[in-house]
1. Applying the selection to the stretch 40-84, what residues are more than 30 Å from residue 12 (Cα to Cα), in contact with a Pro (Cβ under 9 Å, 6 or more places away or on another chain) and part of a helix (DSSP H, G or I)?
2. For the stretch 105-117, what are the residues that are modelled with pLDDT under 70 and either under 21 Å from residue 31 (Cα atoms) or not in a helix (DSSP H, G or I) (or both)?
3. Which pairs do you get when a residue that is at negative phi, found in the stretch 24-44, comes within reach of a residue that is open to solvent by 100 Å² or more (accessible area, probe 1.4 Å) and among the hydroxyl-bearing types (Ser, Thr, Tyr), reach meaning Cβ atoms under 9 angstrom, with the pair 6+ apart or on two chains?
4. Test residue 52 against the stated conditions and say whether it is at pLDDT below 90 and more than 17 Å from residue 66 (Cβ to Cβ).
5. Determine the pairs where a residue that is aliphatic (A, V, I, L, M), located within the stretch 150-169, has a partner that is open to solvent by less than 100 Å² (accessible area, probe 1.4 Å) with Cβ atoms under 7 Å apart, the partner being 6 or more residues away or on another chain.
6. Mind listing whichever residues of the stretch 7-39 are open to solvent by 90 Å² or more (accessible area, probe 1.4 Å), modelled with pLDDT under 85 and either part of a helix (DSSP H, G or I) or in contact with a Cys (Cβ under 7 Å, 6 or more places away or on another chain) (or both)?
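The values are calculated or read from the model by the stated rules, or taken from the named source; none is laboratory data. These numbers come from a predicted model, not from an experiment. A quick note on method: Cβ atoms are made from the backbone with ideal geometry, for glycine too, and the neighbour counts reach across all protein chains shown. Heavy atoms of the whole protein, side chains included, go into the accessibility calculation; ligands, DNA and RNA do not. Shrake-Rupley method; radii C 1.70, N 1.55, O 1.52, S 1.80 Å.
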Amino acid sequence: PARVDLLMQDQFLPALIGSIATVLGAFGVVLSRRPVHAALALLGHTLALAGLFVVLSSELVAMGQVVIYSGAIVVLFLFVVALLPSGGVEGALGSGQAAAALIMVAVVLGTLGTVVGTGAPLARSAADSSVEAIGRALFGPLIVPFELTAPLLLVAVVGAVVIWRRQGRQIGRAHV
């Protein structure tokens, strides 16, 4: 018991710093007015999250976080931003959008409060977390959902660009 308490104390400060950086990165994504700044805040968020995985002794998941999210997904977002017309800054939120945002904040905070209130789940002692076991789980029964993420992201990118360009044309017509 004394060893576990000492270990928890050693991990508390890095976990606290990582948690604060993760939350600040998430706020940066949501509150940024420019898409490039939001993408950079997302990069900071994903790297801080990878640091939390390292603190939790889950190095493989941390590397996946860095390679997949910090590398591929953020680059994909920056690619989409590069396709957008110059600026990419929308006006202030409308009343409907502000209400929807407040409802979502309440849902997220309620979920966070529930999770914190129930405590962390206990880890299974006999869980096999080797690279081979994770590979078998990911590329065995989960191979189809894993492979379907690529076309899903492609459709999302194309849809976002089409919607943005359509809105840009409508805004241009309104100013003429």
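1. Answer for the stretch 40-84, where residues must be more than 30 Å from residue 12 (Cα to Cα), in contact with a Pro (Cβ under 9 Å, 6 or more places away or on another chain) and part of a helix (DSSP H, G or I): 77, 78, 80, 81.
2. Within the stretch 105-117, 108, 111, 112 qualify.
3. 42/69; 43/69
4. The answer is no for residue 52.
5. Close Cβ pairs (under 7 Å, with a partner that is open to solvent by less than 100 Å² (accessible area, probe 1.4 Å)) amount to 153/76; 157/76; 157/80; 160/80; 161/80; 161/83.
6. Passing the criteria: 8, 9, 10, 12, 13, 37.
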